[in-house]
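The values are calculated or read from the model by the stated rules, or taken from the named source; none is laboratory data. Quantities reported herein were computed from a predicted structural model and do not represent experimental measurements. Every residue, glycine among them, receives a Cβ derived from its backbone with ideal geometry; neighbour counts consider all protein chains shown. Protein only, heavy atoms only, side chains kept; ligands, DNA and RNA dropped before computing areas. Shrake-Rupley method; radii C 1.70, N 1.55, O 1.52, S 1.80 Å.
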Amino acid sequence: MQYKIQNGVVELSGQPILKQIDFEINDNSKIAVVGRNGCGKTTLLKLISGEYSIVKKDSDTQSFIAVSGNVSIGFLSQMTFEDDNRTLLEEVRSAYREILDLKERVRIAENKMRESGDENDIKEYTNLLDTLTNLGGFYFEKEYEAAIKKFGFSEEEKHRKLYEFSGGQRTKIAFLKLLLSKPDILLLDEPTNHLDIEAVVWLEEYLKNYKKAFVVVSHDRMFLDNVATTVYEIENGKTHKYVGNYTRFAELKKEQRALQLKEYEAQQKDIARLEGLVDRFRYKATKASMAQSKIKELERMELVDAPEREDLSVFHFDLTPLDIGVKDVLSVKDLKIGYDSVLSTVNLEMKRGEKVGIIGGNGLGKSTFIKTLMGEVKSHGGEVKFGPRVSIGYFDQQMAQYSSKDTVLDDFLKVYPSLTPFEARCALGAFLFSGEDVFKTVDMLSGGERVRLALCKIFKKRPNFLILDEPTNHMDIASKEALEEMLQNFQGTLLFVSHDRYFIKEISNSLLHFDKDKVTHFPYGYSQYLSSPKTENVPEVIASQPREKKTYTTPLKEKAKKEKAIKKCEEKIAKLEAELALIENELLKEENISDYVKLGELNTRQGEIEQELLTAMEEWENLFD
């Protein structure tokens, strides 16, 4: 099987969304599509599914979509329920229609074989049985039972009618059926949204073992790292292919852009040098032939394009708290949370500077705990105590869903009426609301834009305690990375809920894990959590850790140590300066000026040495402080 798009163009309402799509899917392709919000990732999936068509352009460039074989394509937007009176189990089992039909044929063939004993009947039964085995007919029930459980549906819910489920649950059922129906090309648009970590891990394993092809759009970096072997990035309406997972893509893109920029700059210097020689000698009789040769050299030169301008626009803000606050920030003792009944009992002590990530399955009380802390849900018992001078910045995941006819500017000024419009626009500009964007109504904003507006209103208060419930929903990867950097540098205290494992890993220094039986606090980050026994944060364990051994020094020892460090630093500086002089001499040699590869390597090394020299000089100066 092969699916190929060459020079594809897609327009919506006469405006080009995708300008040059070159895309290929083969058997067992495991493809991730990445890019900024609004770049056309979902449009590409709709093109592959047949919902959109490519535009024929009047040009010499051939543009087409080619498909070899009878290819089945599965896309969630195409999934509908034939009968709402079916149970969840019946709907999921319908994904195995081919296997179920074949099982019935095997049963009939087996009875016929036993009755006749005819050799042809035995042969037919054997062939059907082999086909059933190859299709997974003897383990498919275990497969869908595990999937139903991992997606959070109980034994009781398996037998409920489809019309009894909520819209979100129906979407999960349709998604589950799509996965288990195993089309030749499986198209997945943000499949990890609204799945808890356990379900995402199951989905990863399922896709890693998927025998056919899939194309996935996702902003979940750890998920992409674990499932993709090829990455297509959409940038400026064009696709760029990279072999590897998401991390490898990010590395390759950075390396390729740096190399292209070096080659471009080196060539531009060479062009300027040759043009300078031509201008200087073209009218001198004795040098005219040399000038002509340089002109021909310029004409023969294959020009290196400058790297296309990258969209690096991300929001940014100084999150330094107005008041750093006191040491004891939050004390939660035997807090019983839930609505009609108790879901969980929570104990937690938070000190200034702690960053606690809340993890666990859906429906176990993570968001309920946050709402209880904020007084939105009444507790069933226990105690919550905030420290003095604690100022809270609270982000609720529903903030991205509210409706308003107010403009972005008016909506912001309602929270900060004392600001001038200019001051408000400056604050909004830091969150990418610039120019005419501030006059859009809130209802016109995308999910990601509403999240940015909510964060802008929260961060402007510069609180010392942030409580965030799924802040990265609707964010693209660049925005997530911007928020990560801000929270990593945040000097206050942070409590947050997230299903994004990469985000949790980058931000948290301890975890609060919600399980069916209990809520456990782990005094370390996500990487250690994955590799460590899941034991509770018991004070005795911390007290038993060995104390750091103290060391003592005398003034004479300290002086000798400092003199030795200065000497070592000066030797390093001398060595780097000598190496830099050699590189500069190499750059002036004629044979290197026209060798772009060599020139690129020399320029790269020159930059590295200059950076090392700068660092060494700073270290040397610090030794005299």
Could you check the range 93-118 and list, in sequence order, the residues that are open to solvent by 90 Å² or more (accessible area, probe 1.4 Å) and touching a residue at least 12 places away in the same chain (Cβ under 8 Å)? 98, 105, 112
From the list 465, 433, exactly one residue is under 19 Å from residue 317 (Cα atoms), modelled with pLDDT of 95 or more and open to solvent by less than 50 Å² (accessible area, probe 1.4 Å). Which is it? 465
Can you spot a residue in the range 162-185 that is within 30 Å of residue 251 (Cα to Cα) and either open to solvent by less than 10 Å² (accessible area, probe 1.4 Å) or assigned to a helix (DSSP H, G or I) (or both)? yes
Within the set of pairs 6 or more residues apart or between chains, which connect a residue that is free of Cβ contacts under 8 Å to residues at least 40 places away in the same chain inside the range 271-284 to a residue that is open to solvent by less than 40 Å² (accessible area, probe 1.4 Å) and among the aliphatic types (A, V, I, L, M) with Cβ atoms less than 6 Å apart? 278/291; 278/295; 281/291; 282/291
Those residues that are free of Cβ contacts under 8 Å to residues at least 24 places away in the same chain, acidic (Asp, Glu) and under 20 Å from residue 203 (Cα atoms), I need them from the range 119-154; list them, please. 141, 145
List every residue pair whose Cβ atoms lie under 6 Å apart, where the two residues are 6 or more positions apart in sequence or sit on different chains, the first residue falls within the range 403-417 and is farther than 18 Å from residue 430 by Cα and among the small types (Gly, Ala, Ser), and the second residue, located anywhere, is open to solvent by 40 Å² or more (accessible area, probe 1.4 Å) and modelled with pLDDT under 95. 403/443
Given the criteria under 30 Å from residue 270 (Cα atoms), among the aliphatic types (A, V, I, L, M) and open to solvent by 80 Å² or more (accessible area, probe 1.4 Å), does residue 303 qualify? yes
Residue pairs, Cβ under 9 Å, 6 or more apart or interchain, first in the range 421-439 and under 12 Å from residue 453 (Cβ atoms), second of a type in the set (S, T, N, Q) and outside any helix (DSSP H, G or I). List them. 428/434; 432/313; 438/407
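Yes/no matrix, rows are residues, columns are (1) surrounded by 13 or more Cβ atoms within 10 Å (Cβ to Cβ); (2) at pLDDT below 90; (3) within 23 Å of residue 199 (Cβ to Cβ); (4) touching a helix residue (DSSP H, G or I) at 6+ places or on another chain (Cβ under 8 Å):
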position	(1), (2), (3), (4)
508	yes, no, yes, yes
525	yes, no, yes, yes
535	no, yes, no, yes
542	no, yes, no, no
546	no, yes, no, no
552	no, yes, no, no
564	no, yes, no, no
Can you pull out the residues in the range 1-59 that are closer than 26 Å to residue 247 by Cβ and of a type in the set (Gly, Ala, Ser)? 29, 32, 35, 38, 40
If a residue has to be more than 25 Å from the chain's Cα centre (by Cα), among the charged types (D, E, K, R) and assigned to a loop (DSSP other than H, G, I, E, B) to count, how many in the range 352-372 make the cut? 1
Within 30 Å of residue 86 (Cα to Cα), in a helix (DSSP H, G or I) and either basic (Lys, Arg) or open to solvent by less than 10 Å² (accessible area, probe 1.4 Å) (or both): is that true of residue 211 in this structure? no
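Yes/no per residue for (1) touching a Lys or Arg at 6+ places or on another chain (Cβ under 8 Å); (2) at positive phi:
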site: 416; (1), (2): yes, no
site: 429; (1), (2): no, no
site: 435; (1), (2): no, yes
site: 442; (1), (2): yes, no
site: 448; (1), (2): no, no
site: 460; (1), (2): no, no
site: 472; (1), (2): yes, no
site: 478; (1), (2): yes, no
site: 481; (1), (2): no, no
Odd one out for residue 48 among (1) touching a helix residue (DSSP H, G or I) at 6+ places or on another chain (Cβ under 9 Å); (2) of a type in the set (A, V, I, L, M, F, W, C); (3) within 22 Å of residue 239 (Cα to Cα): (1)
Which of the following residues is assigned to a strand (DSSP E or B) and of a type in the set (A, V, I, L, M, F, W, C): 468, 432, 483, 419? 468
Selection from the range 386-405 of residues more than 16 Å from residue 452 (Cα to Cα) and surrounded by 11 or more Cβ atoms within 10 Å (Cβ to Cβ) yields 386, 387, 389, 390, 391, 392
Collect the residues in the range 327-355 that are closer than 16 Å to residue 462 by Cα and open to solvent by 40 Å² or more (accessible area, probe 1.4 Å), keeping them in residue-number order. 352
